[in-house]
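For reference, the structure discussed in these notes is given below.
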Number of protein chains: 6
Amino acid sequence: MRVTISRKAHFNAAHRLHNPHWSAEKNKTIFGKCNNPNFHGHNYELIVSVTGDIDPDTGYVMDAKVLKDLIKEQVEDAFDHKNLNIEVPVFKNLNPTAENIAIVIWDLLKPHLETGQDLEVVLYETPRNFVTYKGPS
Amino acid sequence: MRVTISRKAHFNAAHRLHNPHWSAEKNKTIFGKCNNPNFHGHNYELIVSVTGDIDPDTGYVMDAKVLKDLIKEQVEDAFDHKNLNIEVPVFKNLNPTAENIAIVIWDLLKPHLETGQDLEVVLYETPRNFVTYKGPS
Amino acid sequence: MRVTISRKAHFNAAHRLHNPHWSAEKNKTIFGKCNNPNFHGHNYELIVSVTGDIDPDTGYVMDAKVLKDLIKEQVEDAFDHKNLNIEVPVFKNLNPTAENIAIVIWDLLKPHLETGQDLEVVLYETPRNFVTYKGPS
Amino acid sequence: MRVTISRKAHFNAAHRLHNPHWSAEKNKTIFGKCNNPNFHGHNYELIVSVTGDIDPDTGYVMDAKVLKDLIKEQVEDAFDHKNLNIEVPVFKNLNPTAENIAIVIWDLLKPHLETGQDLEVVLYETPRNFVTYKGPS
Amino acid sequence: MRVTISRKAHFNAAHRLHNPHWSAEKNKTIFGKCNNPNFHGHNYELIVSVTGDIDPDTGYVMDAKVLKDLIKEQVEDAFDHKNLNIEVPVFKNLNPTAENIAIVIWDLLKPHLETGQDLEVVLYETPRNFVTYKGPS
Amino acid sequence: MRVTISRKAHFNAAHRLHNPHWSAEKNKTIFGKCNNPNFHGHNYELIVSVTGDIDPDTGYVMDAKVLKDLIKEQVEDAFDHKNLNIEVPVFKNLNPTAENIAIVIWDLLKPHLETGQDLEVVLYETPRNFVTYKGPS
C-alpha cells in the first residue's frame, strides 16, 4: 500500500543564467534576458513528494510536519531571499536553471528519507514554467 | 491509446487523528494539534483520475458527468459535512489521516470502473498538503 | 498617498451552525447539513488588508512580517485546529457563520493597528464561498 | 539525469460534441448540453511537459522560450478563438472531446521534439475537468 | 454591521463580438479574432457579492445556498453551454462583451435581493481578463 | 454605467530593500532578509483595473488588447528580468517596496488613460503578500 505525500513550500531568490565557458555574446544569445549580469529573481514554488508505505500505527507515510521542517532546514533556509549564484555554493559552478535547482533540491532531501521511500521534486520558476525531477534512473 | 480523464470534487468534514492503542500523552506527542478531542476540520479537495481506452463512438474514456455523479454518490454524499471519526463507519477503526482517506475513496470508487481502467486519487487536506494513491501494487 | 497592504493566512477548524433559541427541527430546516451536531470543518483562508499612509523612511504602510505575526498571534493561535463552538469563547453565544467569524477577526485585529489605518477582512469558508467585512459603518 | 520541463499555455474556442452516425435524439441523450448545435465554448488551459536529458552546456532540457514558441505555432495559432468543429480540419471527422483534442495536440507537437524526449499533454476543458495523454503505449 | 457575502459560479458559452452597424472590415479591425463569424468560447467564472445587514437569528447576510440557487436559476440555466449571440435573447441587440454580460447578470439578479442589499458582479472571461459591475451610479 | 475592466500581467525582477540614510545595522534590523546586498527576487503578479463608461459602439470600457499592450510597454518592458535597484532609474532614490512599486506603476499608466477613467493597481510580491493603490486621494 504505497501512498505519496506531498507538501508545497516557497522561497524567493535572485539568479542569472550564465555559462562561463562561453563569450558574453553567446551567453546573451542563448540565455537572453535571463543572462542579465545584474540578476533578476523569482518566487519559486516547490512541491516535494515522498512515496512509501503507510506506518500502521500512525496512518502516515511521513508526518507532514516533519516533511515541512525538513524542507525548511534543507531548502528554504539555504535558498530563501538569497542570490543563488553568489550565496549558494553549489551554484558557483552550476548554472542555476530550474532543472539544476530541482536536482540540487532532490540531492539535499533524499539522504533524509527512509530506505525505500521515493522522492519527487516539482519546482515552479514562474506560474507558467516548472520542472519535475524524480531522481537518477 | 490510453488517456486519463480527471475530475475535481470537494467535501468538507471534521476529524481528529488518534490511535486508541496509545496513551493520551503519546497521541498528543505524535499527532499534536490534530489530536484535539473536540475535532477540527478541512475543506478536502479531491481529484479522481481514470485511465482507459477511448470509446471510438463517443470520443470519451468516460463521460465526465458519469464520473462527477459517481464521486457524488460514493464520496460526497458519504463524507460531506460529516464528522469522519463518528459518522463514517470505516473510520471507527481506521485513523482518518489523508493517506487513509485516500485509500478508502479509492476502494469506494474502483468497483464502479470498467475492467482495464486504472484509478488514481489525489486528496488535498489543505492547499499545501496532499496525498496520492494509485491502488495496491 | 494611501496604500493597502494585504496578507493571506490560513487556519482550519471544526464548527456547526445552531441557534439555541430554535427547535432542533427549525435548526435543521434553516442550517441543513451545517447544523450537524457532530460538527464538520473547513480550511479557512483569510486575507487581511490594512490601508494607511506610507512611512517615508521604510516605504512600508506596515511591515508584512509584523502583519503576519499579528495575524498569527490574534487569529491563528486562537482558531487553528480548534472546534470553534466549544473552544473559542466568543462563539459560545454567537453562531460561527463566516459573517460572524469575519467580524470577530476584525475586532481582534483592529485595536493593534495605528490610528488612521483602515482594516478589511476577507474570509473564505470554502473556495467558492467567502465574506468581506470592513468594520462598522 | 532525466528531468521534465513543463509549460502552461492557453487558448479559447467554440465546439460541440456530435457523432454523425447517430440520430439527433441519441446525440442529445449521450452528449446532453454539449451537443448544442449552436456551439458552446471553453477556455482551454494546456500544460505541455517534455522529459529528456539535461544539456550540460545550458543546464536546460529544452529552452522554455523554444517550448513556448512551439506551442504558440502548433497549437495556439491553430486553435485560439476558433470554432474547432468548423475551422480546424482534423475535427471535421473527429469528435472534439477533451480526450481527442489532447491526442491531436500531442501529435502536433511530438515531431518537433528531439529523439529520446518524451511528451505529455494535460488539457483542462474547465477548471474541474481535465485529461492527460502521454502518447501511444 | 454590513457584511458582504460572495459566491463563485461557472458557466461556459460561445460568443462573437460584432457591431451590426459597422462594415465587416471595421468589425474585423476593431474586434480582431473575437469577431470570428463561426464563434469562439469561454469558461466564464462569476463572483456574485451581496452586501447587507446580518440577520441576528441566523448570523447570515443571506444563506449561501439561496444565493447559489439564485445564480443557478437566473444565470447558469440561461447561459451555460449556450451560444450567447443566438440563444440568449438580450444579446440579439447587445454586443456580448464581458462588460455587457456583467451588466445583464446584475440586472437579472438585483430584483431578487432584499431592499437595502447591494450587488456586485465580477466576471472572468479568461483567467487574465475580468470585469466588475456594481450597478448604475 | 461605469464598469471596471481588469487585466493580469506578470514580470519578475531582483531587488533589495535599503534606506541609504540608515546604518547597515539599522537596515538589517528593519528590513531583515530583504536587505540582502546581493539581492533576492520575485515573480510580481500585477492586476491593472480601469473604471470608466462603456463605449456604446464597442461595448468596451477599453479594449483588453489595448490595456494588455499598454501594460507591456510601460511596465513589463521596463521591469521584467531587471534589477529594480540598479536598472530602473526611479528606484535609484526610492526604496522598491511593493507599496512604492505599485505607486510607480500607477504613475506610469495613468497618463495613458482617458479623462474620467479611474485606475487601480494591485501588485502581488508573493502569493501571500500584495498591495493595492488607487491613486492620490
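Report, by residue number, each residue of the stretch A:76-91 that is within 13 Å of chain F (Cβ to nearest Cβ), over 12 Å from A:H15 (Cβ atoms) and either in contact (Cβ under 8 Å) with a residue 60 or more places away in the chain or surrounded by fewer than 16 Cβ atoms within 10 Å (Cβ to Cβ) (or both). Spell out the reasoning first.
Of all residues in the stretch A:76-91, those within 13 Å of chain F (Cβ to nearest Cβ) come to A:76-88, A:91.
Those still in the list that are over 12 Å from A:H15 (Cβ atoms) too: A:76-78, A:80-81.
Answer for the stretch A:76-91, where residues must be within 13 Å of chain F (Cβ to nearest Cβ), over 12 Å from A:H15 (Cβ atoms) and either in contact (Cβ under 8 Å) with a residue 60 or more places away in the chain or surrounded by fewer than 16 Cβ atoms within 10 Å (Cβ to Cβ) (or both): A:E76, A:D77, A:D80, A:H81.
The residue of the stretch A:95-134 that is farthest from D:H10 (Cα to Cα), among those that are within 12 Å of the chain's Cα centre (by Cα) and among the small types (G, A, S), is A:A102.
Under 30 Å from A:L46 (Cβ atoms), surrounded by fewer than 21 Cβ atoms within 10 Å (Cβ to Cβ) and not hydrophobic (A, V, I, L, M, F, W, C), is that true of F:P96?
Values: under 30 Å from A:L46 (Cβ atoms): yes; surrounded by fewer than 21 Cβ atoms within 10 Å (Cβ to Cβ): no; not hydrophobic (A, V, I, L, M, F, W, C): yes.
Answer is no for this residue.
Considering each residue of the stretch F:122-131 in turn, at least one proves to be touching an Asp or Glu at 6+ places or on another chain (Cβ under 8 Å) and β-branched (V, I, T). Residues in the stretch C:93-134 that are small (G, A, S) and assigned to a helix (DSSP H, G or I) were compared, and the one that is farthest from E:A64 (Cα to Cα) is C:A102.
Taking the stretch C:8-35 as the range and being open to solvent by 30 Å² or more (accessible area, probe 1.4 Å) and over 19 Å from B:N83 (Cα atoms) as the test, the residues that pass are C:K8, C:H10, C:P20, C:H21, C:W22, C:S23, C:E25, C:K26, C:T29, C:I30. Does D:A13 meet the test of being of a type in the set (A, V, I, L, M), at the interface with another protein chain (Cβ under 9 Å from one of its Cβ atoms) and under 16 Å from the mean Cα position of the chain (by Cα)? Spelling it out, D:A13 is indeed of a type in the set (A, V, I, L, M), at the interface with another protein chain (Cβ under 9 Å from one of its Cβ atoms) and under 16 Å from the mean Cα position of the chain (by Cα).
Take the stretch F:36-57 and flag every residue that is open to solvent by 20 Å² or more (accessible area, probe 1.4 Å), touching a Phe, Trp or Tyr at 6+ places or on another chain (Cβ under 9 Å) and free of Cβ contacts under 8 Å to residues at least 40 places away in the same chain.
Within the stretch F:36-57, F:N38, F:D57 qualify.
Each residue in the stretch A:36-78 was checked for being in a strand (DSSP E or B) and of a type in the set (G, A, S), and 3 pass. Scanning the stretch A:16-56 for residues that are under 23 Å from the mean Cα position of the chain (by Cα), more than 17 Å from A:P127 (Cα to Cα) and of a type in the set (S, T, N, Q) gives A:N19, A:N35, A:N36, A:N38, A:S49, A:T51.
For the stretch F:62-75, does any single residue satisfy the condition of being under 29 Å from E:S137 (Cβ atoms), of a type in the set (K, R), away from chain A (no Cβ under 12 Å) and more than 12 Å from the chain's Cα centre (by Cα)? Among the residues of the stretch F:62-75, at least one is under 29 Å from E:S137 (Cβ atoms), of a type in the set (K, R), away from chain A (no Cβ under 12 Å) and more than 12 Å from the chain's Cα centre (by Cα), which makes the answer yes. Among the residues in the stretch F:126-134, are any within 15 Å of F:V48 (Cα to Cα), within 12 Å of chain C (Cβ to nearest Cβ) and open to solvent by 30 Å² or more (accessible area, probe 1.4 Å)? Yes. The set of residues in the stretch D:58-72 being under 15 Å from D:V104 (Cα atoms), in contact with a helix residue (DSSP H, G or I) (Cβ under 9 Å, 6 or more places away or on another chain) and open to solvent by 10 Å² or more (accessible area, probe 1.4 Å) consists of D:L70 alone.
The values are calculated or read from the model by the stated rules, or taken from the named source; none is laboratory data. Computed from a prediction, not measured in an experiment: that's the story for all the values here. Positions of Cβ are generated from backbone atoms using ideal geometry, with glycine treated the same way; all protein chains shown enter the neighbour counts. Accessible surface areas use protein heavy atoms only, side chains included; no ligands, DNA or RNA. Shrake-Rupley method; radii C 1.70, N 1.55, O 1.52, S 1.80 Å.
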